[in-house]
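One structure below.
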Amino acid sequence: MSETAAPIGLSWAPKLPSLATTSCSSKSEPAPKPSTAQGSLWKPQSELVDGLFVSPRDPKKVNKLTRKSVKDTTGKGWFDMPAPTITPELKKDLEILQLRHVMDPKRHFKRAGKSKALPKYFQVGTVVEPASEFYSGRMTRRERKTTLVDELLSDQYLKSYRMRKVREIQESRMPGGNQKWKNKGKQTLKRAKDRRK
């Protein structure tokens, strides 16, 4: 092996401005762009010294650079769970989870809090049934949906509940009000009067 050969994958060459392109360049020629081979290693020209990145001497700037390079996690107490990137599908699922107390009248959930902000740290998993529930507790492929919203929209029990609630709201907002509830109120008043006699 020769002594002048660089190790595999490591090479460095100073980036000197070529005098021929800067002095003789005409106005019609575009300026040379940074090469895309460097990718994310490319730094602005103000931070490069002879083509190499040199960290600043100012401690405030060093702290700022280290904060940018550290991943956003929950910490060691929560096993360094990373903050996921929120896609539109995930955002819809999180909003549905916050409104889960409205979905089903027979289930009562503790509210997440008054803040309507979405959580920053969370994980999404898949429930895997054990082999003993192959026939009893397993969902068929047709029942499995990609997102929580799709699953709730396809549930027939929740669909009938939603339709009934929408119908009740529409009837109460019609001119004249909801006659069914007005009649019930009159009947209870009659019963109360009869009890007094």
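Each value in this text was obtained by applying a stated rule to the coordinates, not by laboratory testing. All values reported here derive from a predicted model rather than from experimental measurement. Cβ coordinates were reconstructed from backbone atoms using ideal geometry, including for glycine residues, and neighbour counts include every protein chain displayed.
Brief remarks follow.
- Among the GluC sites (Glu not before Pro) in the range 142-171, those located in a DSSP loop and surrounded by at most 12 other Cβ atoms within 10 Å of their own Cβ are Glu143.
- Prolate/oblate/rounded label for the range 121-164 (Cα gyration tensor, a/c 1.5): oblate
- Cβ-based exposure ranking for His101, His108, in which fewest neighbours within 10 Å come first: His108, His101
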